[in-house]
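Some notes on the structure that comes next.
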Amino acid sequence: MLIKGVLLALLVLVLVGLILPQNYNVSKTVQINANLEVVKPLITDFSQWQKWSPWEKVDPSIRFTLGEPSSGLGAHQSWKGKWGYGEMIITSVSKNKVNFNILLNTEHIVRGTFNLSEQNGIVTLICNIKGQTTAPLISGYTAILSEYMLSNTVSLGLNNIQTIAQLNDAQRIMHSHDSKNSTSKN
């Protein structure tokens, strides 16, 4: 009787997993008290990501490798950690938008966008990520887990960008005022 109950529970779990959507979507926004020129390089230059990316905290075993180019259109980075490996490429860059693609474990494709807008010295940064899981029988559960993890990790990353950009912008403003107030020695 116990074995039948366990088998029935497993069957129900598999059937529910097959019915659950395999797609997930994460969208997070942050307001940053800094200029666009300070914020955008933090996103478009993978060598800047180590300053704010939360992934090394989530997975301390993760190791990133920067490709060439490491910034702008075509910028590429890859990584390997205890949860697998992946690669990311920036597919387009415009004044207010950065698109990227991620390939996880050579099978899980993720598409993302950073949208930036600036008004009165405040940058609104929106990160949208859409993905689809492909694990047989458990894709629905994997999509739920991916959305949960990404939601929290993207929020943390955007908060880190906010802190770093605001500190960098404050330093830029201080240096600007210092250079205007300095006198030349001629």
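Regarding segment 96-162, what are the three Cα extents along the principal axes, ordered largest first, in Å?
Sorted largest first, the three principal extents are 50, 20, 15 Å.
In the chain, how many lysine pairs have Cα atoms under 13 Å apart, counting only pairs 8 or more places apart or on different chains?
Value for the chain: 4.
Say R0 is 35 Å: what FRET efficiency, to the nearest 0.05, do Q50 and T29 get from their beta-carbon distance?
The computed FRET efficiency comes out at 0.90.
Dipole of the chain, Cα-centred, from +1 at each Lys and Arg C-beta and -1 at each Asp and Glu C-beta, to the nearest 20 debye?
Computed charge dipole of the chain: roughly 100 debye.
Starting from the Cα gyration tensor of the chain, take the square roots of the eigenvalues, sort them a ≥ b ≥ c, and report rounded, prolate or oblate (rounded when a/c is under 1.5, otherwise prolate if a/b is larger than b/c, else oblate).
Prolate, because a/c is 1.5 or more and a/b exceeds b/c.
Laboratory data are not the source of any read-out in this text; all were calculated from the coordinates shown. The structure displayed is predicted, hence computed values, not measured ones. As a convention, Cβ positions derive from the backbone with ideal geometry for all residues, glycine included, and neighbour counts pool all protein chains shown.
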